[in-house]
1. Could you give the nm distance between label points at residue 59 and residue 79, where each point is 7 Å from its Cα heading toward the beta carbon?
2. In what sequence, highest mean first, do 189-196, 325-332 appear when ranked by Cβ atoms within 10 angstrom?
3. Taking 0.36 nm per residue of separation and subtracting the Cα-Cα distance, what length does fully extending residue 353 through residue 222 add?
4. Calculate, in nm to one decimal, what residue 193 and residue 46 gain on full extension: separation in residues at 0.36 nm each, minus their alpha carbon distance.
5. If you take the square roots of the eigenvalues of the alpha-carbon gyration tensor of the range 183-359 and sort them as a ≥ b ≥ c, do you get rounded (a/c under 1.5), prolate (a/b over b/c) or oblate?
6. Scaled to the compact-protein estimate 2.2 N^0.38 Å, what is the alpha-carbon radius of gyration of the range 160-285, rounded to two decimal places?
7. Just order 138-146, 102-110 by mean Cβ neighbour count inside 10 Å, highest at the front, would you?
8. Report, in deg cm²/dmol and to the nearest 500, the calculated mean residue ellipticity at 222 nm for the chain, where each DSSP H run with n ≥ 4 adds -39500 (n - 2.57) and the sum is divided by the residue count.
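What follows is calculated from the coordinates using simple rules that are stated; it is not laboratory data. The model shown is predicted, which means the values in this text are computed figures rather than measured ones. Virtual Cβ from ideal backbone geometry, glycine too; neighbours counted across all protein chains shown.
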């Protein structure tokens, strides 16, 4: 049985090579895009490596009304060739084992690696190998191996950010496809580009509600899952030394109080600072980006939910932009999938590098 499992891997590799040369007609991988199947020998499910995987890929996300795991994890061994084939149909897979483990998972991991790569694993030079579309389309697999259980666990802990970023980027790509596959409001994006020199992809069922000289809102109202977004922009920003998380949240709160109100005049949305609010920076081409995650509350009202804010600065045009996505869905238990959708949508932002004030 063990030799059959290894042989099937080599046959799969040959098949993938053949398919990639002639067009990919394979079926799409199955499963939830937020779930990883972790393939480890059952005797290692309480190992240091297993705990490091739980602490990394399954860690709690606290920028939500209630904490949720970064990814959902299901541990699974390899007991037969048939089970291996079922695993290989999965959308997200982690294979984890010490390089010399005398079990089916260890043998499978070694079968993935040529002699040179295996030598680098043994020496501690390499330990993580992401593979996309290895057996099925839209698949993300990650091979994790090192010289021992403790060594592999430590490498996973030390590389947490890189490992999560790789998996997250794959998820955000998938959300972009899912969100915009049906249809999108291209008339809104085109209008933003023509009239204001920037654009953002807008989902097919969002409707514009507020439209001022520098602020617009769009809403997708459903009784059980209300979502909305807004955009704001400012011209002539030559110096951005003020731009940090404190300024971002103060500006957000000012705009929210002015434009995002409740059912009475004294109700308005504000950041919920009693829960974590986190801002990270990133570079998107020439654009400097800030992404802020947290929760909101309704002042003088009993409402709240998650938000995702993007703040972009374009040095070519000296313009500053904000895009924010918000959800109110008390009956929806899992909010993180929608937050991930927001994080994907906010990354579709583009700014016209030729825009000037005279263009408007």
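1. Distance between label points: 3.3 nm.
2. By packing density, highest mean first, the sequence is 325-332, 189-196.
3. 43.5 nm
4. 47.6 nm
5. prolate
6. Taking the Cα Rg and dividing by 2.2 N^0.38 Å, one obtains 1.22.
7. Highest mean packing first, the order is 138-146, 102-110.
8. When only DSSP H runs of four or more count, the value is -11000 deg cm²/dmol.
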